[in-house]
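The values are calculated or read from the model by the stated rules, or taken from the named source; none is laboratory data. Note that the structure is a prediction, hence the values are computed from the model and not measured. Virtual Cβ from ideal backbone geometry, glycine too; neighbours counted across all protein chains shown. Keep in mind that these areas ignore ligands, DNA and RNA; they rest on the heavy atoms of the full protein, side chains included. Shrake-Rupley method; radii C 1.70, N 1.55, O 1.52, S 1.80 Å.
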Amino acid sequence: MYGYRARIGYTCPPQIAEVFLYEFYKMAPEGVTLMITTLALTTRSKEEVSKSFDMSLDAIHKMKKAGASVVMLGGNPINVAHGGVDLQEFQDKLSKDVGIPVLTSHVSQRKGFRLLGSRKVATIHPYESEHNDRHDRQMREFGCEPCGTVACEGSLLGLGSVPMDYALTFARKIKAEHPEADTIHLASAHWATAHAIEQIERELKVDVLTSQQALFWDSIRAAGIKDKIPGYGRLLREF
């Protein structure tokens, strides 16, 4: 079968999913496949976040029955709002209860920043600028110092139409404004970023962590895939 090495389950927060699947298969080695359940986010209301969390928990068990090797719970706001104070403990308990590794996007990104040695992180995200403060708080929760946040002014329903040049263009802008940044975070796993990682790292002399890259990396490692994958940043090349 296609996923003869690993079958990665993912609970996808946006109800409409497009980019995550495409970029997963750009990075995935042969024999690794994606199993996906889309959740309820279209406006990120409290009701949608709560419903999405419940859907995630239900999907874990169905994915286990379907043969998933590991399940990644997407959506940092969903993780933080409903997973409790200690998300590592939360995912460890779920893993024990379900019988396969269950990961959260929050813990995966936190692990990625620690491995890269990130201290001062500039963030670019595809949403409206009203979410800048949330991303700054999130960076502190990851254990890093936020140093600049740029919004692409998009929406959950428009993630598939974010221009491909935005990641590099805004990375150049934020690095020029914040030369102290040692890492650039391309936040949200659902806009076009994978193609730009290597160029940003080479040109701007920074590490790059994207949400998509970190989720993919932690998922395949938890599934026992140890391949070092070139072309998509230091995290996948070295760890």
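One table, with the values for the structure above:
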| read-out | value |
| --- | --- |
| Tally, over the range 110-134, of residues that are touching a helix residue (DSSP H, G or I) at 6+ places or on another chain (Cβ under 8 Å) and either farther than 20 Å from L168 by Cα or assigned to a helix (DSSP H, G or I) (or both) | 6 |
| Residue in the range 161-177 that is surrounded by fewer than 24 Cβ atoms within 10 Å (Cβ to Cβ), without any contact (Cβ under 8 Å) to a residue 12 or more places away in the chain and closer than 17 Å to A17 by Cβ present | yes |
| Criterion: open to solvent by 40 Å² or more (accessible area, probe 1.4 Å), more than 29 Å from I16 (Cα to Cα), part of a loop (DSSP other than H, G, I, E, B) and not aromatic (F, W, Y) - qualifying residue of E153, E180, E203 | E180 |
| Residue satisfying all of: in the range 90-109; open to solvent by 40 Å² or more (accessible area, probe 1.4 Å) and outside any helix (DSSP H, G or I); farthest from R221 (Cα to Cα) among these | G99 |
| Hits in the range 1-57 - residues which are polar (S, T, N, Q), open to solvent by less than 50 Å² (accessible area, probe 1.4 Å) and in contact with a helix residue (DSSP H, G or I) (Cβ under 8 Å, 6 or more places away or on another chain) | T11, T37, T42, S50, S52, S56 |
| Qualifying residues in the range 224-239 (those that are over 20 Å from S69 (Cβ atoms) and either modelled with pLDDT under 95 or not in a helix (DSSP H, G or I) (or both)) - the one most open to solvent (accessible area, probe 1.4 Å) | P230 |
| Given (1) closer than 25 Å to G99 by Cβ; (2) of a type in the set (A, V, I, L, M, F, W, C); (3) surrounded by 14 or more Cβ atoms within 10 Å (Cβ to Cβ), index of the condition A66 fails | (3) |
